[in-house]
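Colleague: Structure below; questions to follow.
The values are calculated or read from the model by the stated rules, or taken from the named source; none is laboratory data. Treat the numbers as computed from the prediction; the structure is a model and nothing was measured. With ideal geometry, Cβ positions are generated from the backbone for all residues, glycine too; neighbour counts draw on all protein chains shown. With ligands, DNA and RNA removed, areas are computed over all heavy atoms of the protein, side chains included. Shrake-Rupley method; radii C 1.70, N 1.55, O 1.52, S 1.80 Å.
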Amino acid sequence: MSYTPANEPVRNAPAVGDYELIDVDPYFTRVISYFRPSDYGAWGISTASFPLALYIWERLEPAAGPYKQPAKIPGGTLRAATLLGFFGGFYLAYIRSSKRFLGWSENEREVKKDRYEIKKLLSQGKLPYHEDESSLDDRLKDVANRNSQYSHLGLALLPWFNLAYHPYHGVDLNKYYVNRPGEEEWNLQLKPLDEIKAKYAKNN
């Protein structure tokens, strides 16, 4: 099913943040590519903290009972704890990165990176969110976005990520056609947005 201007889905305004909005529903790999060193640090600390917590707990309160010699923690238990810490740390890093996309935390670095990436794609005459690469029709792209938007808020209950290319990202692409200080140095000549959309509409 293809949407026309007469039946395009209605979208609510994105949740307001204290910083600039980058993307309300970034693609899974894009969120990861925007991880900061501090996100990787939080991921690593979480991975190590689970088995370390088990080790310390056994020393403070031995499984054999009070005043008993602490037992050696089985390798399987340590591996399971490490795995839990690994995934928990990944979720934490993913949430931190997602919040910066939404402008819910400081994101100056990410805004600059996003503007360069999007402007480069527009200068190449490409759709910036790769929706032309999706095999989904317009209706399923709409459904995919509604399922994955803000899903990072519930990762502890249900791991769910945006794995669909779609055009619903909550930003006006025309903002990329206005140069900000320093962007002239990128030397990017953006193709007209209507021309890009018309080209891919024709291809479809």
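Colleague: Run down 158, 60, 78 and say which single residue is farther than 30 Å from residue 195 by Cβ and touching a Ser or Thr at 6+ places or on another chain (Cβ under 9 Å).
Modeller: Values: 60 fails: touching a Ser or Thr at 6+ places or on another chain (Cβ under 9 Å); 78 fails: touching a Ser or Thr at 6+ places or on another chain (Cβ under 9 Å).
When all the criteria are applied, what remains is 158.
Colleague: Taking residue 129 and the conditions (1) of a type in the set (Ser, Thr, Tyr); (2) open to solvent by less than 50 Å² (accessible area, probe 1.4 Å); (3) in a helix (DSSP H, G or I), which numbered condition does it fall short on, given that it satisfies the others?
Modeller: (3)
Colleague: Criterion first (surrounded by 16 or more Cβ atoms within 10 Å (Cβ to Cβ) and either among the aromatic types (Phe, Trp, Tyr) or part of a loop (DSSP other than H, G, I, E, B) (or both)) does residue 94 satisfy it?
Modeller: Spelling it out, residue 94 is indeed surrounded by 16 or more Cβ atoms within 10 Å (Cβ to Cβ) and either among the aromatic types (Phe, Trp, Tyr) or part of a loop (DSSP other than H, G, I, E, B) (or both).
Colleague: Would it be correct to say that residue 63 is open to solvent by 40 Å² or more (accessible area, probe 1.4 Å) and either modelled with pLDDT under 95 or part of a loop (DSSP other than H, G, I, E, B) (or both)?
Modeller: On the way: open to solvent by 40 Å² or more (accessible area, probe 1.4 Å): yes; either modelled with pLDDT under 95 or part of a loop (DSSP other than H, G, I, E, B) (or both): yes.
Yes; evaluated as a whole, the condition is true for this residue.
Residue by residue, here is whether (1) under 16 Å from the mean Cα position of the chain (by Cα); (2) modelled with pLDDT under 95 holds:
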residue: 48; (1), (2): no, no
residue: 55; (1), (2): no, yes
residue: 69; (1), (2): no, yes
residue: 73; (1), (2): no, yes
residue: 83; (1), (2): no, no
residue: 92; (1), (2): yes, no
residue: 116; (1), (2): no, no
residue: 119; (1), (2): no, no
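Colleague: I need the full set of residues from the stretch 132-174 which are among the small types (Gly, Ala, Ser) and either open to solvent by less than 40 Å² (accessible area, probe 1.4 Å) or touching a residue at least 24 places away in the same chain (Cβ under 8 Å) (or both), in order please.
Modeller: Initial filter on the stretch 132-174 (among the small types (Gly, Ala, Ser)): 134-135, 144, 148, 151, 154, 156, 164, 170.
Residues satisfying the conditions are 134, 144, 148, 151, 154, 156, 164, 170.
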